[in-house]
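Beneath this line is the structure, given in structure tokens, with notes to follow.
Throughout, read-outs are computed from the coordinates displayed, never taken from laboratory work. Remember, it's a predicted structure, so these values are computed and weren't measured experimentally. Note that we place each Cβ from the backbone using ideal geometry, even for glycine, and neighbour counts take in every protein chain shown.
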Amino acid sequence: MSVIFERSENGEEITVSVEGRFDYRLYESFKASYSDVGDIGRQVNVDLSSTEYMDSSALGMLLMLREHVGRAAKILLKNPTPDVMRVLTIANFDKLFAIES
Amino acid sequence: MSPEQNLLDDTVVSRIRCWDLTAEDLRSDELVSSLAESVCRDFQLDLQRPVLYMIFSELMSNAIDHGVLGLASSMKESGSDGFERFLKTRQQRLSELDLARVAVVVEHRQIDDRAPHLRITVTDFGPGFDYVRVCREPVGLMTLHGRGLAILRHLCSSVRHRGNGNCIEVEFLLD
């Protein structure tokens, strides 16, 4: 499990990819991936394509990200696997976040 | 279901696996994966692996946070750093934990010719929590607590609390 940070060439987007299991153990690295990187640009992508599963603390972390970003940028959850999508839907996160499959 | 009813129906329990978890087990970062992987192996489940991870994750968080460590979920909401403080307090208390016990029982059950199901029972030997009140609380869109139970209720065909809230029993259809 790990978090990978990437900034787009034009600097307008950052992408945070969560690989493996997304749970409370990733808290420090997930938070660091957007709060310690300076300007977050206009869009924050959370790449969930390699996320095996996600639990309720991961949902809490996404809400923290949302709070941190505020209106400054748009958050896009990208390519969740069907199981991760299920958790997002259960928690009504499809209404709180833009999700792109 | 009362024990009497249990004796009357035609439930066939074909396999049971039990764990008696100590403080050291509960501290392990691999707790959820070792439970989920053992169940996948023992009960020959493969397709259900991600769902089992999610179920065990919520069941164990519930038992550890509220039952063993006595942390209130409302702490996650207090102030903008509530969630962070919750996780830090959790980590701190877990590292200091000396005596603790959580029992996990997994049963493969089948009633007549219906689809078999897995029953997972988690009992923590802590003070329990007021599940009647917690279950009645609506889960708001932006609230951080109560999501674990909401996830369990969606993933499982049944979720029941027993005792003073220190025991939770979920059933999960294998079809």
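Within the range A:46-62, is there a residue that is more than 24 Å from residue A:92 (Cβ to Cβ) and out of contact with any Ser or Thr (no Cβ under 8 Å at 6 or more places or on another chain)?
Scanning the range A:46-62, I find no residue that is more than 24 Å from residue A:92 (Cβ to Cβ) and out of contact with any Ser or Thr (no Cβ under 8 Å at 6 or more places or on another chain), so the answer is no.
Go through (1) part of a helix (DSSP H, G or I); (2) within 14 Å of another protein chain (Cβ to nearest Cβ); (3) within 21 Å of the chain's Cα centre (by Cα) one by one and return the number of the condition residue B:92 breaks.
Here residue B:92 meets the rest and fails (3).
Got a number for residues in the range B:29-68 being assigned to a loop (DSSP other than H, G, I, E, B) and within 11 Å of chain A (Cβ to nearest Cβ)?
Result for the range B:29-68: 4.
Could you check residue A:72 against (1) more than 14 Å from chain B (Cβ to nearest Cβ); (2) at positive phi; (3) not polar (S, T, N, Q) and say which number it fails?
All conditions pass for residue A:72, except number (2).
Here's a check for you: in the range A:42-59, which residue that is touching a Lys or Arg at 6+ places or on another chain (Cβ under 7 Å) and either facing another protein chain (nearest Cβ under 8 Å) or within 29 Å of residue B:64 (Cα to Cα) (or both) is surrounded by the fewest Cβ atoms within 10 Å (Cβ to Cβ)?
That would be A:52.
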